[in-house]
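Enquirer: For reference, the structure I am asking about is given below.
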Amino acid sequence: MQKNVEIIGTLRKIDAIREQQEQIFTKAKYFAVNEKTIKETLETICFEVSQIMNCERVSIWLFNEERTLLHSQNTYDDETKQHSVESDLSDEVFHSYFTAIQNQRTLSIVDISKSEETKEIFKKFFPVSSVYHSLLDACIILSSGIGGVLCCESRKRREWTSFDRMVVTSIADMLSFLFDRLSRMDFEENLHRLAFTDELTEMDNYNAFLEQASLAISEISEEQDGIFIYINIDQFIEIHSALGPELADEIIKVVAKRFRLYFDDYYSISRIAFDHFVIFAPYDQGGVELKNKMEKLMTKLREPVHVAKQEVYLTFSYGIAYYPEDVRTPLEGVQAARFALETSKGQSARKSVGIYSADMHRHLKQKMKSEMNLRKGLDMNEFKLFYQPQVLCDTGEIIGFEALIRWQHPEHGLIYPADFIDLAESTGFIISIGKWVIHQAIGQLKKFKEQGLHDLTISINLSPRHFLQQNLPVFLQECIEEAQIEPKNLLLEITESVALERHEVVQQQIQTLSDLGFSIVIDDFGTGYSAFIYLQSFPITQLKIDRMFIMNIVHDEKSRAIVNAIIQLGKTLSIRTVAEGIETLEQWEILKEKECDELQGFYFAKPLSEQALNDLLTKLLGQSHMYLPLS
Ligand code: C2E
Ligand code: MG
Ligand code: MG
């Protein structure tokens, strides 16, 4: 009879735990548990555990990063039916307890007053009148190590059973899941914030501007129009070289503040690069108020800026484009206002004001097209692939290369992709260029194989338009079969912008390519928020952390935190992380400490011509590990 009662009690406990577990998983999975609702969830858990375990007091504690303090998250007292948060416990005072809970899965004590491990707790933590007799604690193990402890305290003397221990560990594991999920959400949020903020001025960045301006356009009323203003400092290059980058940054901060004085939350305003700012302003017919604002802003901007005991006088130029007259979308608006600014600057380098006109646009596009006959370039074999080495972060050993296109133009010299890829995209010619790149890269992989370098990889950059071509997988498959190359040696880099639209098509394409054995790399990770969508639903092999974050990693704590977060995210999801733009040994050392997987940057090597690549490989061939000759 007694036995049956025990069995029924045990089964009840198991049911109660299971039910609680399910609730927590469901809440965590659907983000119902977050920083705001966690308090309530922990209160429920403490209460439930006190009932399941039949303990008078249950509490949850988390360590600080150094594990020198335990911060109380919640304590439930079943006598008073109250929840509370206690003061911190420190390792200095409760050293034996700290050591014990970090070295055992559970700490099970029958008599708190007698045990070595809890003697300090008994004396200093429990009140003099305390009647707690036994204690059962389980560690909360997070992906970063031991993170905290779940404590059950009993007034009665308890000989804890192995079933009791199993119950508290299973609840502690549930808490681990919950806290891990919360910290993931925390750094995802942090990344998201950074992806939308200009760090220097704390203004919106370009991504955020496009989003804000789209929203503003969607809310514009019948009586209103809108204006895009693209504005920059006339003397910025001179100031930058005369005063240096740090003071130039100070000046930008002052200028940003002045913009904010007149263009507040009602307007979309952003620094999109260096000294380039954009504004989108809705206005009522006539735009009198807006004109006043602009005049006041220009007066304010003329005031000298004080930096390093100097007075710096600045002038500004701007270009404008009207919505809906000239442009329909924020992207068009920014481009058109910039065209207008550049055209007017061609006539006068200072204080110029350009107003966009459709003629201006046609003229500029025509000029560019005639200067850059892409088809002729391809036919005349003027495109070249350069190869930038990628190395293991731990050792510096070469493991592959990124293929980067260049155009050796007969009149204009070496042209970089930034100056022709957009045009190739907009004319559709990018598909032919992409096919050429694939052929070249596979040709190079074939050479590697012939030289016995079977493991070297090549990453190629695919443009969104090419990536979305339905026959891309078949084309790639045919190319590698013909060259007898393994798909794992060819990595396909795509940028986050690809997923912004047509998410399902992209997902299908990535799945197909991945099924064929190709690896997919997200390039410039961290600059667009859609990356998270990729990570959740696509089989991604690598994340390439954008150069923007690496650039500031040595001096800027925030960039360091972001890089760290991306690396941890990669680890959690088993995705390799690659940092690009390494220019110094210091940057390498930080990334090594953060356990980034791979690196790429001028510090190791600039992109190499085919000839330079062959020379390098000839030098390194025959060595058991391939290291770059670093200066
Ligand atoms: P990406 O794919 O992010 O390539 C990295 C860029 O950073 C390259 O510029 C590279 O030369 C540069 N870089 C690498 N290490 C460092 C460093 O330590 N410091 C600095 N300052 N820069 C570094 P590149 O070759 O001008 O290419 C620019 C972008 O053009 C690429 O960015 C990629 O998005 C695109 N691109 C390049 N080749 C192709 C191509 O074949 N097809 C397509 N569709 N796009 C391409
Ligand atoms: Mg790339
Ligand atoms: Mg990149």
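Enquirer: Count, please, the residues in the stretch 598-619 that happen to be within 16 Å of ligand 2 (Cβ to nearest atom) and either polar (S, T, N, Q) or assigned to a loop (DSSP other than H, G, I, E, B) (or both). Walk me through how you get there before you give the answer.
Expert: The first filter runs over the stretch 598-619 and keeps only residues within 16 Å of ligand 2 (Cβ to nearest atom), leaving 598-602, 604-608.
Still in the list and also either polar (S, T, N, Q) or assigned to a loop (DSSP other than H, G, I, E, B) (or both): 600-602, 604-607.
Counting residues in the stretch 598-619 that are within 16 Å of ligand 2 (Cβ to nearest atom) and either polar (S, T, N, Q) or assigned to a loop (DSSP other than H, G, I, E, B) (or both) gives 7.
Enquirer: What number of residues in the stretch 523-540 are within 16 Å of ligand 2 (Cβ to nearest atom), at pLDDT below 90 and in contact with an Asp or Glu (Cβ under 8 Å, 6 or more places away or on another chain)? Spell out the reasoning first.
Expert: Going through the stretch 523-540, the residues within 16 Å of ligand 2 (Cβ to nearest atom) turn out to be 523-528, 531, 534, 540.
Subsequent filtering for residues that are at pLDDT below 90 retains 524-528, 531, 534, 540.
Those left that are additionally in contact with an Asp or Glu (Cβ under 8 Å, 6 or more places away or on another chain): 524-528, 531, 534.
So the answer is 7.
Enquirer: With respect to S72, is the statement that it is surrounded by fewer than 12 Cβ atoms within 10 Å (Cβ to Cβ), in contact with a strand residue (DSSP E or B) (Cβ under 8 Å, 6 or more places away or on another chain) and closer than 21 Å to F179 by Cβ true? So that I can check it myself, show each step before the final result.
Expert: Working: surrounded by fewer than 12 Cβ atoms within 10 Å (Cβ to Cβ): no; in contact with a strand residue (DSSP E or B) (Cβ under 8 Å, 6 or more places away or on another chain): yes; closer than 21 Å to F179 by Cβ: yes.
Taking the combined requirement at face value, the residue does not satisfy it.
Enquirer: Still on this structure, please answer the following. Starting from residues that are under 14 Å from V58 (Cβ atoms) and within 33 Å of the chain's Cα centre (by Cα), keep the ones in the stretch 133-191 and report whichever is modelled with the lowest pLDDT.
Expert: M174
Enquirer: Yes or no: the stretch 581-601 includes at least one residue that is out of contact with any Cys (no Cβ under 8 Å at 6 or more places or on another chain), among the hydroxyl-bearing types (S, T, Y), on the phi < 0 side of the Ramachandran plot and within 15 Å of ligand 1 (Cβ to nearest atom).
Expert: Yes, there is a match, as at least one residue in the stretch 581-601 is out of contact with any Cys (no Cβ under 8 Å at 6 or more places or on another chain), among the hydroxyl-bearing types (S, T, Y), on the phi < 0 side of the Ramachandran plot and within 15 Å of ligand 1 (Cβ to nearest atom).
Enquirer: Next question, about the same structure. Do any residues in the stretch 449-463 that are within 16 Å of ligand 2 (Cβ to nearest atom) have Cβ atoms under 7 Å from those of residues that are acidic (D, E), where the two are at least six apart or on different chains, and which pairs are they?
Expert: Qualifying pairs under 7 Å: S459/E402; S459/E493; I460/E493; N461/E493; N461/D523; L462/E493; S463/E425.
Enquirer: In the stretch 374-409, which residues are in contact (Cβ under 8 Å) with a residue 40 or more places away in the chain, farther than 28 Å from V578 by Cβ and away from ligand 1 (no atom under 13 Å from the Cβ)?
Expert: The one that is in contact (Cβ under 8 Å) with a residue 40 or more places away in the chain, farther than 28 Å from V578 by Cβ and away from ligand 1 (no atom under 13 Å from the Cβ): R375.
Enquirer: Which condition from (1) surrounded by 17 or more Cβ atoms within 10 Å (Cβ to Cβ); (2) within 27 Å of T41 (Cα to Cα) is the one that A100 breaks?
Expert: (2)
Enquirer: A further question follows. Which members of the stretch 553-583 meet the condition of being more than 16 Å from ligand 3 (Cβ to nearest atom) and either of a type in the set (G, A, S) or buried (at least 24 other Cβ atoms within 10 Å of the Cβ) (or both)?
Expert: Hits for the stretch 553-583 are A561, A565, S574.
Enquirer: Go through (1) within 16 Å of ligand 1 (Cβ to nearest atom); (2) surrounded by fewer than 19 Cβ atoms within 10 Å (Cβ to Cβ); (3) in a helix (DSSP H, G or I); (4) of a type outside the set (D, E) and name the single condition I550 misses.
Expert: With (1) within 16 Å of ligand 1 (Cβ to nearest atom); (2) surrounded by fewer than 19 Cβ atoms within 10 Å (Cβ to Cβ); (3) in a helix (DSSP H, G or I); (4) of a type outside the set (D, E) applied to I550, the lone miss is (2).
Enquirer: Can you find a residue that is closer than 30 Å to G287 by Cβ, buried (at least 18 other Cβ atoms within 10 Å of the Cβ), among the small types (G, A, S) and in contact (Cβ under 8 Å) with a residue 40 or more places away in the chain anywhere in the stretch 213-221? Before the answer, list the steps.
Expert: Filtering the stretch 213-221 for residues closer than 30 Å to G287 by Cβ gives 213-221.
Those left that are additionally buried (at least 18 other Cβ atoms within 10 Å of the Cβ): 213, 216-217.
Keeping just the survivors that are among the small types (G, A, S) gives 213, 216.
Of the ones still in play, those that are also in contact (Cβ under 8 Å) with a residue 40 or more places away in the chain are 213, 216.
There is at least one residue in the stretch 213-221 that is closer than 30 Å to G287 by Cβ, buried (at least 18 other Cβ atoms within 10 Å of the Cβ), among the small types (G, A, S) and in contact (Cβ under 8 Å) with a residue 40 or more places away in the chain.
Enquirer: Here's another thing I want to ask about it. Would you point out the residue of the stretch 196-222, among those that are at pLDDT below 85 and in a loop (DSSP other than H, G, I, E, B), that is nearest to R350 (Cα to Cα)?
Expert: E199
Enquirer: Moving on. Can you name every residue in the stretch 592-630 that is within 33 Å of the chain's Cα centre (by Cα), more than 30 Å from I562 (Cβ to Cβ) and of a type in the set (S, T, Y)?
Expert: Selection gives S609 alone.
Enquirer: Which condition breaks for I582 when tested against (1) in a helix (DSSP H, G or I); (2) at pLDDT 95 or above; (3) among the aliphatic types (A, V, I, L, M)?
Expert: Every listed condition holds for I582 apart from (1).
Enquirer: On to the next question. If we scan the stretch 494-503, do we find a residue that is within 16 Å of ligand 3 (Cβ to nearest atom), in a strand (DSSP E or B) and either over 27 Å from the mean Cα position of the chain (by Cα) or in contact (Cβ under 8 Å) with a residue 12 or more places away in the chain (or both)? Quick ask: steps written out before the conclusion?
Expert: We begin by selecting, within the stretch 494-503, every residue within 16 Å of ligand 3 (Cβ to nearest atom); these are 494-499.
Next, only the ones that are in a strand (DSSP E or B) stay: 494-495.
The next check asks that each one be either over 27 Å from the mean Cα position of the chain (by Cα) or in contact (Cβ under 8 Å) with a residue 12 or more places away in the chain (or both); those that pass are 494-495.
Yes, there is a match, as at least one residue in the stretch 494-503 is within 16 Å of ligand 3 (Cβ to nearest atom), in a strand (DSSP E or B) and either over 27 Å from the mean Cα position of the chain (by Cα) or in contact (Cβ under 8 Å) with a residue 12 or more places away in the chain (or both).
Enquirer: On the basis of being crowded, with 17+ Cβ neighbours inside 10 Å and of a type in the set (D, E), does D186 make the cut? Before the answer, list the steps.
Expert: On the way: crowded, with 17+ Cβ neighbours inside 10 Å: no; of a type in the set (D, E): yes.
Against the criterion (crowded, with 17+ Cβ neighbours inside 10 Å and of a type in the set (D, E)), D186 does not qualify.
Enquirer: Next question, about the same structure. Output the residues belonging to the stretch 593-603 that are buried (at least 19 other Cβ atoms within 10 Å of the Cβ) and within 15 Å of ligand 3 (Cβ to nearest atom). First the steps, then the outcome.
Expert: Step one: of the stretch 593-603, the residues buried (at least 19 other Cβ atoms within 10 Å of the Cβ) are 596-601, 603.
If the condition is that a residue be buried (at least 19 other Cβ atoms within 10 Å of the Cβ) and within 15 Å of ligand 3 (Cβ to nearest atom), then C596, E598, L599, Q600, G601 are the ones that fit.
Enquirer: Can you tell me which of L543, L513 is in the same structural domain as L468 (by TED's automatic domain parsing), at pLDDT 85 or above, in contact with a strand residue (DSSP E or B) (Cβ under 8 Å, 6 or more places away or on another chain) and away from ligand 2 (no atom under 16 Å from the Cβ)? Talk me through it step by step, then tell me what you get.
Expert: Details: L543 fails: away from ligand 2 (no atom under 16 Å from the Cβ).
The match here is L513.
Enquirer: Of everything in the stretch 543-561, what is over 14 Å from T584 (Cβ atoms) and among the hydrophobic types (A, V, I, L, M, F, W, C)? Give them in sequence order.
Expert: The answer is L543, I545, M548, F549, A561.
Enquirer: Another question about this same structure. Within the stretch 273-282, which residues are crowded, with 20+ Cβ neighbours inside 10 Å and either outside any loop (DSSP other than H, G, I, E, B) or among the aliphatic types (A, V, I, L, M) (or both)? Step through it out loud before you land on a result.
Expert: Taking the stretch 273-282 first, the residues crowded, with 20+ Cβ neighbours inside 10 Å are 275, 277-282.
F277, V278, I279, F280, A281, P282 - these are the residues of the stretch 273-282 that are crowded, with 20+ Cβ neighbours inside 10 Å and either outside any loop (DSSP other than H, G, I, E, B) or among the aliphatic types (A, V, I, L, M) (or both).
The values are calculated or read from the model by the stated rules, or taken from the named source; none is laboratory data. Keep in mind it's a predicted model, so treat the numbers as computed, not measured. Counting neighbours? That spans all protein chains shown, and the Cβs are built from the backbone with ideal geometry, glycine included.
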